[in-house]
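Okay, so here's the structure we're looking at.
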């Protein structure tokens, strides 16, 4: 295979991943409009994001238990998942927005994400030639940009929130077709299976357990920040009596979430050189400080608020891929699949809790209280990774760089 062939294939997979993952936050991006038009409460608003996460947990565990990634050709699995997710997303337009059916459709979208994000990594891995870290960084970057894309859609097609939903689904439909024409770099490796009998053995592995603790702290913050930063900015622009607050908040949110793609790439690059615990601790310290500051800056000059939010957007995702890398390096080889599934499932369940708490805390204590609550995650995550760094097993990380 030529280098040109590899570059084209990896680029195509990354672009398709980006286009399909726009479905993840398509409804969240128009939440300010939905709350205004349908008078949605805090619980219903939270469910627009959390139902997708819960669906992703269900889909990931089901796929791992049934071994779907090994039974179905990856391009067809990916395309079918994207098609179903796009259809579930566009069907939102046919049901009451304030009812339970829209949440069920978001849940289906989340289940299908388990056939897109992990399978995209599996396809990219077929092209790995000693550059797995960079390639996985590209896919995490695609997840980040894909999560930001609906906010851009809401500006490009600002006439109606329904057009944002249509644009996200159309993007995924195109990606589903395009992925079928992508060449793989080799035969996909067998996916590690989930074995519930291994859970006790994995949890008894102290270094591995602390790597999971670090990830749990990271997940407490990440999706709640992504899910609510747009509404916070919309409120801030509205309080400032800025014309078209929806447009400005959407553009700002796209930049804040999207810039995390560079944070992901930088995190992967430096983690291989200076150590995984070093990068994760540094990223969580920075993101935790930002979480404490942002909510208090709603009335500050916008350039200051925006700058802190951009730093938050970079740091909140910079450590994400490194927690999975820690699991891969610390777990027994035959336990890697179960360990990764367990780590992700618990992490996303934790994210569900913080997503639902943010609007409740914001109503009682304002945005400062809501975002300060998210800082609890990075604080506990830093403590966990600092303890891991002191363990002898930390030498197994990043070729001995810790």
(request) State whether the residues of segment 295-306 include one that is at pLDDT 90 or above, under 30 Å from residue 135 (Cα atoms) and crowded, with 20+ Cβ neighbours inside 10 Å. (result) no
(request) Test residue 54 against the criterion of being surrounded by fewer than 24 Cβ atoms within 10 Å (Cβ to Cβ), farther than 17 Å from residue 233 by Cα and within 14 Å of the chain's Cα centre (by Cα), and give yes or no. (result) yes
(request) For residue 169, state whether it is assigned by TED's automatic domain parsing to the domain that holds residue 90, buried (at least 22 other Cβ atoms within 10 Å of the Cβ) and modelled with pLDDT of 85 or more. (result) yes
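The values are calculated or read from the model by the stated rules, or taken from the named source; none is laboratory data. Bear in mind that the values here come from a model prediction, so they are computed numbers and not experimental data. With ideal geometry, Cβ positions are generated from the backbone for all residues, glycine too; neighbour counts draw on all protein chains shown.
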